[in-house]
1. Would you point out which residue out of Ser135, Ser127 is of a type in the set (Gly, Ala, Ser), surrounded by fewer than 24 Cβ atoms within 10 Å (Cβ to Cβ), over 14 Å from the mean Cα position of the chain (by Cα) and over 28 Å from Glu199 (Cβ atoms)?
2. Against the condition buried (at least 20 other Cβ atoms within 10 Å of the Cβ), touching a Phe, Trp or Tyr at 6+ places or on another chain (Cβ under 9 Å), in contact (Cβ under 8 Å) with a residue 12 or more places away in the chain and of a type outside the set (D, E, K, R), how does Leu111 come out, does it pass?
3. Pick out the one residue from Thr28, Thr7, Thr12 that is more than 16 Å from Asn346 (Cβ to Cβ), β-branched (Val, Ile, Thr) and either surrounded by fewer than 12 Cβ atoms within 10 Å (Cβ to Cβ) or in the same structural domain as Ser302 (by TED's automatic domain parsing) (or both).
4. Determine, yes or no, whether Val408 is under 24 Å from Ser176 (Cα atoms) and touching a Leu at 6+ places or on another chain (Cβ under 6 Å).
5. Looking at (1) more than 24 Å from Ala109 (Cβ to Cβ); (2) surrounded by 23 or more Cβ atoms within 10 Å (Cβ to Cβ); (3) assigned by TED's automatic domain parsing to the domain that holds Pro253, which one does Leu388 not meet, given that it meets all the others?
6. Collect the residues in the range 139-179 that are in a loop (DSSP other than H, G, I, E, B) and over 22 Å from the mean Cα position of the chain (by Cα), keeping them in residue-number order.
7. Which residues, taken from the range 335-372, are part of a loop (DSSP other than H, G, I, E, B) and touching a helix residue (DSSP H, G or I) at 6+ places or on another chain (Cβ under 8 Å)?
8. Looking at the range 192-248 only, could you name the residues that are among the charged types (D, E, K, R) and either buried (at least 22 other Cβ atoms within 10 Å of the Cβ) or closer than 26 Å to Ala274 by Cα (or both)?
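The values are calculated or read from the model by the stated rules, or taken from the named source; none is laboratory data. Small disclaimer: the values here were computed from a predicted structure and weren't measured. Cβ placement follows ideal geometry from the backbone for every residue including glycine, while neighbour counts extend to all protein chains displayed.
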Amino acid sequence: MNASDATKPLTTQEMQALDSAHFLHPFTDFKDLASQGARIIVRGEGIYVWDSEGKKLLDAMSGLWCVSVGYGREELAEAAYQQMMKLPFYNSFFQTTNEPAVKLAAKLASLAPRVGDRSFNHVFYSSSGSESNDSNLRMVRRYWDLLGQPQRKVIISRVNSYHGSTVAGASLGGMSGMHAQGDLPIPNIEHIEQPYFFENGLPGESIETFGVRAAGWLEQKILAIGPDRVAAFIAEPLQGAGGVIVPPDTYWPEIQRIVDKYDILLISDEVICAFGRLGHWFAYEKFGYKPDLITFAKAVTSGYIPLGGVMVGNRVADVLIEKGGEFEHGYTYSGHPVACAVALANLEIMEREQLPQRIRGEVGDYFARRYAELNDHPLVGEAQSCGLVAGLVLLKNSETKERFASDVGVGMICRRHCFENGLIMRAVGERMIIAPPLTVSINEIDEMMGLIRVALDLTLDELESKGLR
């Protein structure tokens with residue numbers, strides 16, 4: 001394709017052919033995609049997107065957890081345009097800065113509430129959550145070096161967690177499929193089991209007791225490694241890409257007790273949960289723990305332009321600033337002026353429309369009630385939500401908790417029925433998950449739940465017709 005062809009209208013088939021010939025997609029079986037052709041999304045408005053064939057889809061995944069203010073917000077396009085015309089780019093190296101990056105850093109610091117003795121006055125910018133977690137690894141190890149404890153290099157994470165797909169991010173995450181490709185994890189990364197009561201709870205055990213027991217796996221791992229070697233524990237407030245797994249209420253208080261006891265840094269990976277998704281600007285406020293570092297990305301710009309970063313608590317920032325000298329780490333696009341300008345406009349929309357408050361209030365309450373109703377479906381073993389994110393597990397027998405064989409691909413069957421009937425819902429193994437835009441209305445929640453039921457009914461019919469249930 002030459003320059004003159006860039007604006008030429010193409011048919012769906014032509015776009016699919018070009019896509020197959022030139023575009024290697026993330027987390028994709030390239031051969032499989034080439035055999036069926038990619039779905040071409042051409043526009044979005046509110047909580048809906050349309051494909052190249054004119055099919056309307058309710059986007060219950062906010063793109064990829066990120067389009068929090070919905071599609072088609074002219075204010076964000078205008079913010080990008082105005083900044084591009086004024087200063088499209090300049091780097092933050094060489095003792096240089098730019099106005100949007102400075103203003104956004106101050107704004108983020110004002111939104112991050114102080115919890116106990118933890119406060120956040122500094123931001124380190126990246127372009128994604130993956131990069132941000134690389135920065136976390138670098139800052140954590142630099143922090144302990146500067147305190148004269150260079151042996152504290154081990155970072156503990158959780159099985160089935162997701163912290164990005166760079167080498168460091170994938171190592172920190174607990175996805176076995178990612179670890180199998182590329183000799184991961186890298187050294188000095190350890191994992192403990194996830195706080196998934198549905199799967200790991202013992203017969204007769206209460207969810208409250210399980211929460212304390214699951215947190216105790218962290219202490220066991222610290223003692224096995226040696227407390228003087230452990231640098232940090234990293235975790236999502238609730239696990240997103242792992243299937244929307246919400247920890248028991250007793251989990252985070254016990255985690256806090258353990259990290260305090262052994263003087264270990266706590267990293268809250270809020271790439272999915274920050275900026276109103278759980279009804280608060282940052283999710284640690286909802287769960288009441290005290291992180292030292294907060295990973296953010298996605299919803300900070302509602303996905304309109306790439307931006308990520310780390311909120312650096314004073315405990316870490318003070319050491320890096322006062323003792324550190326030059327920090328040999330950073331990115332070309334750290335504090336990109338256009339991305340920061342869009343983020344400022346996006347946060348202004350969230351404040352003006354009180355999006356975190358509406359998720360903490362009427363809209364979030366209604367969403368939780370409607371989603372819980374899915375527990376009565378014969379395929380659903382558990383439907384659970386928190387704020388405006390939710391997941392359900394598909395079971396062969398919901399009463400005995402018998403699972404489908406992995407080769408059935410029950411999640412992908414359900415996902416296909418979702419797409420065919422106008423709904424974007426993500427499959428993670430046998431779990432189906434959603435995270436709609438924070439602007440979703442009561443009527444749109446009703447529409448969404450109706451579409452989910454249609455997909456569940458069609459999945460059940462297909463499984464029964466094939467003798468798989």
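1. Ser127
2. Taking the combined requirement at face value, the residue does not satisfy it.
3. That would be Thr7, the only listed residue that is more than 16 Å from Asn346 (Cβ to Cβ), β-branched (Val, Ile, Thr) and either surrounded by fewer than 12 Cβ atoms within 10 Å (Cβ to Cβ) or in the same structural domain as Ser302 (by TED's automatic domain parsing) (or both).
4. yes
5. Among (1) more than 24 Å from Ala109 (Cβ to Cβ); (2) surrounded by 23 or more Cβ atoms within 10 Å (Cβ to Cβ); (3) assigned by TED's automatic domain parsing to the domain that holds Pro253, Leu388 violates only (3).
6. Once the filter is applied, which keeps residues that are in a loop (DSSP other than H, G, I, E, B) and over 22 Å from the mean Cα position of the chain (by Cα), the range 139-179 yields Leu147, Gly148, Gln149, Pro150, Gln151, Arg152, Lys153.
7. Gly335, His336
8. If the condition is that a residue be among the charged types (D, E, K, R) and either buried (at least 22 other Cβ atoms within 10 Å of the Cβ) or closer than 26 Å to Ala274 by Cα (or both), then Glu193, Glu208, Glu236 are the ones that fit.
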